[in-house]
Structures are given as structure tokens and as C-alpha cells.
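Everything on this sheet refers to the single structure shown next.
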Amino acid sequence: MDYVSALVPPVVMAVFFIALIVIIVKSQGGPNKTKEDGFVDAALARAESAKQTARPENG
């Protein structure tokens with residue numbers, strides 16, 4: 001019975017890890033993709049505008 005108690009934790013962790021990967025893959029794309037892309041685009045635009053206002057270009 002010691003081998004069963006030794007194998008249970010890795011098996012349980014493997015099952016939860018596989019479930020996590022499946023959830024991550026299923027949540028990619030779909031109706032949430034445009035919302036997530038919008039958040040990323042807005043964050044990049046804010047970072048770019050903050051960089052330009054902090055260090056104006058000398059031409």
C-alpha cells in the first residue's frame with residue numbers, strides 16, 4: 001500500500017495540470033479574444049504615449 005500513497009500525489013497533480021492546460025487553451029480566442037486584444041492595445045498605446053511625452057523627440 002505504500003506504493004499507492006506514493007503515486008497518488010503525482011497523479012492528482014498531473015490531472016489538475018492537464019485540466020489547467022485545457023482551460024487555458026479553451027479560453028483562448030472566441031468572444032473574449034477581442035476584449036483581451038483591446039486591453040493589450042490600450043495598454044501599449046498608453047505606454048507609447050507616456051514614453052513620447054516623457055522624452056520629446058528633438059528633430
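The values are calculated or read from the model by the stated rules, or taken from the named source; none is laboratory data. None of these values were measured; they are calculated from a predicted model. Glycine also receives a Cβ, built like all others from the backbone with ideal geometry; neighbour counts cover every protein chain displayed.
Criterion applied to V40, V15 was being modelled with pLDDT of 90 or more, in a helix (DSSP H, G or I) and either surrounded by 10 or more Cβ atoms within 10 Å (Cβ to Cβ) or of a type outside the set (K, R) (or both), and the one residue passing it is V15. Only residues that are of a type outside the set (D, E, K, R) and at pLDDT 75 or above were counted across segment 43-59, and they come to 8.
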